[in-house]
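Chemist: Structure in structure tokens, see below.
The values are calculated or read from the model by the stated rules, or taken from the named source; none is laboratory data. Here the structure is a predicted model, which is why all the values come from computation and not from measurement. Please note: Cβ atoms are built from the backbone with ideal geometry, for glycine as well, and neighbour counts cover all protein chains shown. Quick note on the areas: whole protein, heavy atoms, side chains included, nothing else; ligands and nucleic acids left out. Shrake-Rupley method; radii C 1.70, N 1.55, O 1.52, S 1.80 Å.
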Amino acid sequence: MPDTRYSSLADTLINYSCDLQPGETVFIEAIDVPHRFTRELVRTAYQAEAVPLVFLKSQSVMRELMLGASERQMTLWADSEVVAMEGADAYIGIRGSDNVSELSDVPAERMNVYETTVWKRVHIDIRVDQKKWTVLRWPSASMAQLAQVSTEAFEDFYFRVCTMDYPRMSEAMMPLRDLMNATDRVRIVSPGTDISFSIAGIPAVECDGKRNIPDGEVFTAPVLDSVNGTIQFNTETLYQGVTHEFAIGFNPYITRPMKDILFDEKIAGSIHLTPGNAYEVAFNGNRSQVHWDLVLIQTPEWGGGELYFDDRLVRKDGRFVVPELEGLNPESLEE
């Protein structure tokens with residue numbers, strides 16, 4: 001029996017996230033993803049009169065390659081994918097794994113070779129700033145375990161959050177983007193936190209399902225050397241120092257951390273500050289191989305807190321309190 005959740009997610013990725021047009025090519029990278037879903041993506045791409053290219057991968061095989069690969073071998077690996085990425089108009093990366101720590105025992109020097117060859121040349125240098133793209137995790141028992149729920153409950157949550165009404169969310173976040181573009185000083189106050197910085201002159205960027213799924217944030221970057229104060233993050237993080245990205249999360253279906261940053265950075269009522277590399281679309285001068293999203297939840301259950309723009313209170317205890325932003329509160333976005 002066809003799984004309508006698969007067709008709904010494929011439709012979101014092909015027709016909304018990547019907005020594929022007739023004749024455009026999409027590079028689909030499926031890592032430990034059920035073939036049934038990859039086939040659904042291919043079918044949906046054909047229905048859009050697009051041209052799908054599919055790379056099927058396995059985390060355990062990639063681990064084995066990384067453990068023994070020379071720099072020359074990694075360069076050849078990168079060469080093959082550079083050709084595909086340069087020829088594509090869009091990229092969809094679906095990344096699954098039965099073990100979220102599958103690559104944890106790859107030595108740092110081996111991982112560094114991969115990141116400076118394959119990852120940098122294919123994704124940083126080409127995909128991120130030159131292509132339409134979206135990336136997402138595939139639900140697994142290991143993700144459910146991290147979230148401390150059953151596998152079935154996690155799958156239901158996953159498909160609900162990944163196929164929500166993103167066009168509706170996109171419209172609701174535009175006033176926040178405009179307000180951030182007009183703001184100079186940001187101040188964040190929570191237990192253990194009182195930090196301020198300037199975002200003047202650095203574009204605010206809406207994240208509305210066109211790059212990450214799930215999505216739901218607006219980000220910018222602090223002006224270099226403007227950050228002053230202390231911040232205490234209250235969610236755990238898994239990651240392989242100055243702060244160089246600031247974002248406000250508001251996905252109504254993500255309400256608690258699950259140790260997966262693609263979900264945690266979108267938690268309703270949260271902010272995150274990111275040490276490391278700044279994206280080109282909101283560039284503040286920092287370049288780094290690190291981009292580490294660290295999340296502070298400000299809902300009452302997590303201690304509460306306030307967010308100020310130019311001394312004006314815009315969000316309190318995780319809820320927007322100015323009229324133009326109330327459309328981003330959970331009850332306004334839930335279907």
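Chemist: Considering the convex hull of the alpha carbon atoms of the range 148-190, report its projected area averaged over all viewing directions, in nm², one decimal. Could the numbers behind the result be given before it?
Modeler: Working: hull surface 21.0 nm².
If I average the Cα hull's projected area over directions, I get 5.3 nm².
Chemist: Report P(r) for the range 81-223: all Cα-Cα distances, bin width 5 Å, range 0 to the bin holding the largest distance, values in whole percent.
Modeler: 2, 8, 11, 13, 15, 17, 18, 12, 4, 0
Chemist: Mind checking the alpha-carbon convex hull of the range 143-240 and giving the volume per residue in Å³? The partial results should precede the final answer.
Modeler: Working: hull volume 14.2 nm³, N = 98.
Dividing the Cα hull volume of the range 143-240 by its residues yields 145 Å³.
Chemist: Something else: What does the convex hull of the Cα atoms of the range 116-189 come to per residue, in Å³, rounded to a whole number?
Modeler: Output value, Cα hull per residue: 214 Å³.
Chemist: Moving on. Treat each spin label as a single point 7 Å out from the Cα along the C-beta direction, and report the D225 to D98 distance in nm.
Modeler: Computed distance between label sites D225 and D98 equals 5.4 nm.
Chemist: Quick check on the chain: helices-only [θ] at 222 nm, where DSSP H runs of length 4 and up contribute -39,500 (n - 2.57) each and the sum goes over total residues. Nearest 500, please. Walk me through the numbers on the way to the answer.
Modeler: Working: 10 runs with 98 residues, N = 335.
So the calculated ellipticity at 222 nm is -8500 deg cm²/dmol.
Chemist: Here is a follow-up. When a/c reaches 1.5 or more, the comparison of a/b and b/c decides; with that in mind, is the range 20-121 rounded, prolate or oblate per its Cα gyration tensor? Numbers along the way, then the final one.
Modeler: On the way: a/c = 3.22, a/b = 1.61, b/c = 2.00.
Note, shape of the range 20-121 comes out oblate.
Chemist: Rounded, prolate or oblate for the range 180-232? Axes are the square roots of the Cα gyration tensor eigenvalues, ordered a ≥ b ≥ c, and the cut-off for rounded is a/c under 1.5. If you can, show how the numbers build up before the last one.
Modeler: Values: a/c = 2.73, a/b = 1.46, b/c = 1.86.
Oblate, since a/c reaches 1.5 and b/c is not below a/b.
Chemist: State the Cα centre-to-centre distance between the range 142-163 and the range 37-76 in whole Å.
Modeler: With the range 142-163 and the range 37-76 each reduced to a Cα centre, they are spaced 24 Å.
Chemist: Note down the net charge around A69, summing +1 for each Lys or Arg and -1 for each Asp or Glu among other residues with Cβ under 13 Å from its Cβ.
Modeler: Values: positive: R63, R72, R110; negative: E64, E71, E109, E115.
Overall, the nearby charge balance is -1.
Chemist: So what is the diffusion coefficient of the chain in µm² per second by Stokes-Einstein at 4 °C and 1.567 mPa s, using a Kirkwood Rh over Cα pairs?
Modeler: Estimated via Stokes-Einstein, D reaches 62 µm²/s.
Chemist: Here's a follow-up. Let me cross-check F55: its accessible surface, 1.4 Å probe, with only protein heavy atoms counted, in Å² to the nearest 10?
Modeler: 60
Chemist: With θ set to phi - 60° and the Karplus curve 6.51 cos²θ - 1.76 cosθ + 1.60, what are the ³J(HN,Hα) couplings of the range 44-54 in order, to the nearest whole Hz, using x for Gly and Pro?
Modeler: Each residue of the range 44-54 in turn: 5, 5, 5, 4, 7, 6, 9, 10, x, 10, 10 Hz.
Chemist: Rank these residues by their accessible area, most exposed first, probe 1.4 Å: W302, W138.
Modeler: Details: W302 90, W138 20 Å².
Solvent-accessible surface, decreasing: W302, W138.
Chemist: Within a Cβ distance under 10 Å of I126, other residues only, what is the Lys/Arg minus Asp/Glu net charge?
Modeler: Working: positive: K120, R121, R127, K131; negative: E81, E86, D125, D129.
Net local charge, I126 excluded: 0.
Chemist: Right, something else. From the gyration tensor of the Cα coordinates in the range 1-62, what semi-axes in whole Å does the equivalent ellipsoid have, largest first, with each one equal to sqrt(5λ)? Each step should come with its number before you reach the end.
Modeler: Values: eigenvalues 77, 46, 16 Å².
So the three semi-axes of the range 1-62 are 20, 15, 9 Å.
Chemist: How much accessible area does E306 have with a 1.4 Å probe, in Å² rounded to the nearest 10?
Modeler: Approximately 40 Å² for this residue.
Chemist: Starting from the alpha-carbon convex hull of the range 245-335, give the projected area averaged over all orientations, in nm². Walk me through the intermediate numbers first.
Modeler: On the way: hull surface 27.7 nm².
Hull-based average projected area comes out at 6.9 nm².
Chemist: Moving on to the next point. Give me the one-decimal Kirkwood hydrodynamic radius in Å for the range 67-139, with the sum taken over alpha-carbon pairs. Walk me through the intermediate numbers first.
Modeler: On the way: mean 1/r = 0.0747 Å⁻¹.
Value: 13.4 Å, from the Cα pair sum.
Chemist: What does the charge add up to near D215, with Lys and Arg as +1, Asp and Glu as -1, over the other residues with Cβ less than 11 Å from its Cβ?
Modeler: Values: positive: K210, R211, K266; negative: E206, D208, E217, E265.
Net of charged neighbours comes to -1.
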